[in-house]
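Here is the structure we will look at.
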Amino acid sequence: MMKFILNQETMEIDEPLGKPTLDFIRDSGLKGSKEVCHEGDCGACMILLGELKGEELVYRAVTSCILPLGEVEAKHVVTIEGINQEKLSPIQQALVDTGGVQCGYCTPGFVISLTGFFMKSKLGNEDILTAIEGNVCRCTGHASIIRAAKLLSEKYSSVKQSNQSWIKSLIDEGILPGYFEGIKEKLKELKKAKRQTKGRLVAGGTDLFVQNETIDNPVFLSNMGLDKIWSDNDFIHIGTMANTEQIRLSPELNMILDIEEHLSTVSSLPIRKQATIGGNIANASPIGDLTIYFLALNADISIRLDEVNRIIKLKDFYKGYKILDLQEGEILEWVRIRNEKKLFSFEKVAKREHLDIASVNSALSFTLIDNKMKEIQLSAGGIGPIPMILEKTSALLENKEISSSLIKEAAEIALTEISPIDDVRGSAKYKSLLLRQLIYAHFLKLFPAMEESL
């Protein structure tokens, strides 16, 4: 049995923990959350998920179609029915006033995403348009919805914000119904319940649950406290349950990398808030963006069994397609990189410029000493069975001065290290061409003056 709050009602249910939350919501008679893509890609099924982080109640908009039911235990699930009041909220009214509603199928998702934006205790960490980047409308062309979002942002930018009373402020503004004030205390009681501790370990599940895979006895690592990012003089550590958006906005990482910009292309905001670095690494997809990113940073990973951990290089974790250096009972504990600034570039090509799975992706890092490249790490994905470091190409570039002829030679060497296949993301020949172009792109980004010679 598991307990959670669905809108205003405390639920106690005995359902498969891997069942999509969307299916449970709609089976319960709440039809405002729509089923469309079932891949977390369109936002029609968006809900708010509130959970206690210490003493703070934090909400985020999530796609319920790939959110396993087990992940809502001891949390607050809010559907559009839980937002609706006797009259339209200011968010709903803004969509009406700007003509942002046509067939209405996607509208609940947009309302939830915009409401989630205002439920942050401090606004301004992200543009309001980022909040709706995971929502798709096929009628309006988005222009009227964007007008509504901008009007809302301007209207409420001056509303006083505080961690203690922000929920009450939103209630006073009519954005939230009054019952939200009592949710925090109810969740404190639910947090006391014991959780299942044995079964198949699941991180974010943003790829796993797209496949509609039936999982017996899943154990969700989100409850294990592995979501911290911390640094010291030598290393920056990232807990393996840190989500992509948390990593993207990390002050520690942005001190040494342009990671906020780089990871904005990975996926939409709801997916970035659900997908974790540990899930990305352990899923072992040959095109996992975070894996390719941190391979080029020569990352270490800690693997723990009970109280004992071992540390290995991320590049040594992959032994073959979906074959990992991970024994029964072991979990990924953290990822770490050197706390030092390097020249770094991340590139990907996808069918859509943003928010899509890569056809080929690549990252490059090195230091430049006396005009010579040192500690070169060139990674690539989509060009073989595993995410990989291009060892021969990296060795060729090591301790060399940068020149167009060297880069062209490196691109040709890279093609001898890869074994792409024909699939839905492109032919093997196409992927080889992409990798060569991405290697050029790395150096053109870091050294724009080379454009004429390349």
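The values are calculated or read from the model by the stated rules, or taken from the named source; none is laboratory data. Because the structure is a prediction, the values reported are computed rather than measured. Please note: Cβ atoms are built from the backbone with ideal geometry, for glycine as well, and neighbour counts cover all protein chains shown.
Please determine, by comparing only the residues of region 344-370 that are under 18 Å from Ala380 (Cβ atoms) and surrounded by fewer than 21 Cβ atoms within 10 Å (Cβ to Cβ), which one is modelled with the lowest pLDDT. Taking the candidates together, the pick is Asp356.
The rows are residues; the columns are (1) part of a helix (DSSP H, G or I); (2) in the same structural domain as Ile292 (by TED's automatic domain parsing); (3) over 21 Å from Asp356 (Cβ atoms); (4) free of Cβ contacts under 8 Å to residues at least 24 places away in the same chain.
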site	(1), (2), (3), (4)
Ser379	no, yes, no, no
Leu396	yes, yes, yes, yes
Ser405	yes, yes, yes, yes
Tyr440	yes, yes, yes, no
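Out of everything in region 403-427 that is of a type in the set (A, V, I, L, M, F, W, C) and at pLDDT 95 or above, what residue ends up being nearest to the chain's Cα centre (by Cα)?
Initially, region 403-427 is screened for residues of a type in the set (A, V, I, L, M, F, W, C), giving 406-407, 410-411, 413-415, 418, 421, 424.
The next check asks that each one be at pLDDT 95 or above; those that pass are 406-407, 410-411, 413-415, 418.
Working: Leu406: 36, Ile407: 32, Ala410: 32, Ala411: 30, Ile413: 33, Ala414: 29, Leu415: 30, Ile418: 27 Å.
Out of the qualifying residues, it is Ile418.
Considering region 271-289, the residues that are closer than 15 Å to Ile357 by Cα and under 9 Å from the mean Cα position of the chain (by Cα) include one that is surrounded by the most Cβ atoms within 10 Å (Cβ to Cβ), namely Ala275. Scanning region 247-266 turns up at least one residue that is closer than 24 Å to Leu52 by Cα, at pLDDT 85 or above and among the polar types (S, T, N, Q). Identify the single condition in (1) touching a Pro at 6+ places or on another chain (Cβ under 6 Å); (2) farther than 18 Å from Ile132 by Cβ that Cys65 does not satisfy, given that it satisfies every other one. In the conditions (1) touching a Pro at 6+ places or on another chain (Cβ under 6 Å); (2) farther than 18 Å from Ile132 by Cβ, Cys65 misses (2) alone. Could you go through region 41-56 and let me know if any residue there is more than 25 Å from Ile175 (Cβ to Cβ), assigned by TED's automatic domain parsing to the domain that holds Ala143 and either buried (at least 23 other Cβ atoms within 10 Å of the Cβ) or not aliphatic (A, V, I, L, M) (or both). Looking for residues that are more than 25 Å from Ile175 (Cβ to Cβ), assigned by TED's automatic domain parsing to the domain that holds Ala143 and either buried (at least 23 other Cβ atoms within 10 Å of the Cβ) or not aliphatic (A, V, I, L, M) (or both), one finds at least one in region 41-56, hence yes. One residue stands out in region 228-250 among those that are aliphatic (A, V, I, L, M) and in a strand (DSSP E or B): the one that is nearest to Asp207 (Cα to Cα), namely Ile238.
For region 60-76, taking the residues that are surrounded by fewer than 24 Cβ atoms within 10 Å (Cβ to Cβ) and among the hydrophobic types (A, V, I, L, M, F, W, C), the one that is farthest from Gly204 (Cα to Cα) is identified as Ala74.
Which ranges mark the helices (runs of 4 or more DSSP H) fully within region 74-178 that have 1 or more residues being among the small types (Gly, Ala, Ser) and modelled with pLDDT of 90 or more?
Values: elements: 90-97, 107-118, 128-131, 143-156, 166-172.
Correct list: 90-97, 107-118, 143-156.
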